[in-house]
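Undergrad: Here it is: the structure, laid out below.
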Amino acid sequence: MTLKSQVSSDEAHIHLDHHSLRRKHSELKGELSNLYNHEEKLLSETIPDLCWELAQLQDTYILQGDYDLKVMRQEYYINRQKAFINHLINLLARHQFLKIACQLEKKQMLGAYSLLKVIESELRSYLSATEGRGGSLLGPYPSCI
């Protein structure tokens, strides 16, 4: 009897397993059908729409042109600024050169002025010495000179 009960138990398990497999098969078949439908929807609607959008985006070379124009404009203004900076540097160099030249000229003028002062004092001393000698020669008549 144990053999018969074991066989019947095995048959029941096989029957349950067979039923479970059929149910699992039908579930998987439904999921597969859903996946096929989803694939069809992607192939018929979504992918063509995305391809069309991609084609539209590929025709946007104008954006690249606008970007290139913007870069060229920036380079132009940067070059103009560099030219202006070079102009200012040249002006500063000229100013500093003139400042140094003026300082040298001032130094020479001060040297010449001090020489003139020395010459003036020498001439005054000669004049006073000459007047002293001339006054002693004329005697009481200094107004004749």
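Undergrad: Anything in region 113-137 that is surrounded by 10 or more Cβ atoms within 10 Å (Cβ to Cβ) and hydrophobic (A, V, I, L, M, F, W, C)? List them, or say none.
TA: Residues satisfying the conditions are Leu115, Leu116, Val118, Ile119, Leu123, Leu127, Ala129.
To keep it simple, each residue is scored yes or no on (1) touching a residue at least 40 places away in the same chain (Cβ under 8 Å); (2) under 38 Å from the mean Cα position of the chain (by Cα); (3) surrounded by 10 or more Cβ atoms within 10 Å (Cβ to Cβ).
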| residue | (1), (2), (3) |
| --- | --- |
| Pro48 | no, no, yes |
| Ala55 | no, yes, no |
| Asp66 | no, yes, yes |
| Asn79 | no, yes, yes |
| Ile85 | no, yes, yes |
| Leu91 | no, yes, yes |
| Ile100 | no, yes, yes |
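Bear in mind that the values in this text are calculations on the coordinates, not laboratory data. Keep in mind that this is a model prediction, so the values were computed, not measured. Positions of Cβ are backbone-derived with ideal geometry, glycine not excepted, and every protein chain shown enters the neighbour counts.
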